[in-house]
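Read-outs: derived from the displayed coordinates by stated rules, not from any lab. Everything numeric in this text was worked out from a predicted model, so none of it was measured. All Cβ positions, even for glycine, are placed from backbone atoms using ideal geometry, and neighbour counts span all protein chains on display.
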Amino acid sequence: MTKKASVENKTLEMKGRAEVLVGKVVGKAIQAKGVADQVESDLKNAGQDFKEAGKDLKKAASRVKKASRKS
């Protein structure tokens, strides 16, 4: 995951946490939005992890292919 994406996701998570806390005092609507922001952040993080796993798998497949050619 790029540092920029990581910072953006962490910022979104923190915004969500703040909205949840404010929502406990002010009202449920903002609390629900805070939870939604946290879920969005989690999904973005999972997507980035999945993307990186795909890149790692592609590299591993390339290494296996090269190794099989040498045999």
Review point. For GLU13, what is the net charge nearby, where nearby means another residue's Cβ is under 13 Å from its Cβ and Lys, Arg count +1, Asp, Glu -1?
Key: -1
Point to revise | Local electrostatic count, ALA60, Cβ distance below 14 Å [Lys/Arg +1, Asp/Glu -1] | key: +4
Point to revise | Binned Cα-Cα distances of region 3-70, short to long, each 10 Å bin given as a whole percent | key: 22, 29, 20, 14, 9, 5, 1
Review point. Dipole size in debye (nearest 20) for the chain around its Cα centre, Lys and Arg Cβ +1, Asp and Glu Cβ -1?
Key: 720 debye
Review point. What angle do you read, to the nearest 10 degrees and between 0 and 90, between the alpha-carbon axis of helix 28-70 and the longest principal axis of the chain?
Key: 0 degrees
**Study point:** Radius 12 Å from Cβ of ALA46, net charge of other residues (Lys, Arg +1; Asp, Glu -1)
**Key:** -2
Study note, to complete from the structure: Restricting to lysines and to Cα separations under 22 Å from LYS70, and discarding same-chain partners fewer than 8 apart, the set is LYS58, LYS59
Practice item. Go ahead and set up a Gaussian network model of the chain, Cα springs under 10 Å, then flag whichever of ALA46, ALA36, ALA60 fluctuates most. Key: ALA60
